[in-house]
Amino acid sequence: MEAFWLVSLDINMPEKVRVEKALGKAMDYMSQEGRLTCSWTSVTMTLQWTAVAFFLYAEIAVNLILCIPFISAKRWRSVFNLSIWNWLSPYWNKCFFTMVMVLIVLFCDAVREVNKYSGPESMVDAKVNPNVYDHVHMKLFRAQRNLYISGFSIFLWLIMRRVVTLLNQVAVTLENSAGLEAQMDNAVKAAKQHQDDNLMLKQALLDEEKCTSAKSQQLKLEVEKLANQVKAAEEALRKSHAEVEAMRRQAKGLAQEYDRLLTEHHQLQNLQSAADKKDQ
């Protein structure tokens, strides 16, 4: 600020030159003060975006490894089914959405920085002083770099999750198709076996038809004989039913007669007991 006052007190300079020099000195001073006060913030932001950049490089490496053609989906599925992944599976969704939210926040911050340093106010200040112009463009370049890093990190993070899901689905589909092929082969073999069995049965039936033509008459005679025997058995059954019915009726009559005699016996006993009491 001392330079500003010295220039402003130099009365020998034209007024326009004095104002321009004063503004230039003031802008230099403000830029220097801004760099000193924001040094710690710039260091922390550098560490933050360095971590995001390393995360992006890791995503690129993992996606390239997942896209290697000579590693089959079945092998990837065996890798994904390791015990360590089963242990981490309850926390996977939380970690995934947490990283998405963090990257979205960083992306929005980068968009804000780009809008801040590409606005008309920053460009007006940059035209006044060349040092400020370089500083603004450096900040704009960093903001754009951070925007690309965070944007590609979100994109590759989602792509990696989708690739892992598709690899699992492809492995399951291949396993199911292998099982279906085995079932189809077994079904074809069974169909051929049944076809051979049907041919053998047809041949056997033709042979049996030739043999049964001679036995048909004998079977008819046996059937007639059996029919006569059935008729005789039916007649005997009717007779037995009639005898059983007669025995039932006789048994019923005997039961009634037994009940009557038992009643008379009780009555006689009662009379005898009454007579004995009178005699006493």
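The values are calculated or read from the model by the stated rules, or taken from the named source; none is laboratory data. It should be emphasised that the depicted structure is a prediction, and the values quoted were computed from it without experimental measurement. All Cβ positions, even for glycine, are placed from backbone atoms using ideal geometry, and neighbour counts span all protein chains on display.
Is it the case that the stretch 72-87 has a residue that's of a type in the set (Lys, Arg), modelled with pLDDT under 80 and either surrounded by fewer than 14 Cβ atoms within 10 Å (Cβ to Cβ) or out of contact with any Gly (no Cβ under 8 Å at 6 or more places or on another chain) (or both)?
First pass over the stretch 72-87, keeping only residues of a type in the set (Lys, Arg): 74-75, 77.
Narrowing the set further to residues that are modelled with pLDDT under 80 leaves 74, 77.
Now drop any that are not either surrounded by fewer than 14 Cβ atoms within 10 Å (Cβ to Cβ) or out of contact with any Gly (no Cβ under 8 Å at 6 or more places or on another chain) (or both), which leaves 74, 77.
There is at least one residue in the stretch 72-87 that is of a type in the set (Lys, Arg), modelled with pLDDT under 80 and either surrounded by fewer than 14 Cβ atoms within 10 Å (Cβ to Cβ) or out of contact with any Gly (no Cβ under 8 Å at 6 or more places or on another chain) (or both).
Contact annotation: no residue pair with Cβ atoms under 9 Å, 6 or more positions apart or on different chains, pairs a residue in the stretch 61-77 that is in the same structural domain as LEU167 (by TED's automatic domain parsing) with a partner that is at pLDDT 85 or above and of a type in the set (Gly, Ala, Ser).
Looking at ASN146, is it modelled with pLDDT under 90, within 16 Å of ALA53 (Cα to Cα) and in a helix (DSSP H, G or I)?
On the way: modelled with pLDDT under 90: yes; within 16 Å of ALA53 (Cα to Cα): yes; in a helix (DSSP H, G or I): yes.
When the stated conditions are applied, ASN146 passes them.
Just give me the residues in the stretch 82-121 being closer than 16 Å to TYR148 by Cα and touching a residue at least 60 places away in the same chain (Cβ under 8 Å), in sequence order. Once the filter is applied, which keeps residues that are closer than 16 Å to TYR148 by Cα and touching a residue at least 60 places away in the same chain (Cβ under 8 Å), the stretch 82-121 yields nothing.
Residue-level analysis places LYS220 among those that are of a type in the set (Lys, Arg) and at pLDDT below 85. The residues of the stretch 65-104 that are touching a Ser or Thr at 6+ places or on another chain (Cβ under 9 Å) and more than 30 Å from GLY179 (Cβ to Cβ), listed by number, are MET99, LEU103, ILE104.
Do we find that ALA22 is modelled with pLDDT of 50 or more, surrounded by 10 or more Cβ atoms within 10 Å (Cβ to Cβ), part of a helix (DSSP H, G or I) and not assigned by TED's automatic domain parsing to the domain that holds THR165 in this structure? Judged against the criteria, ALA22 is a match.
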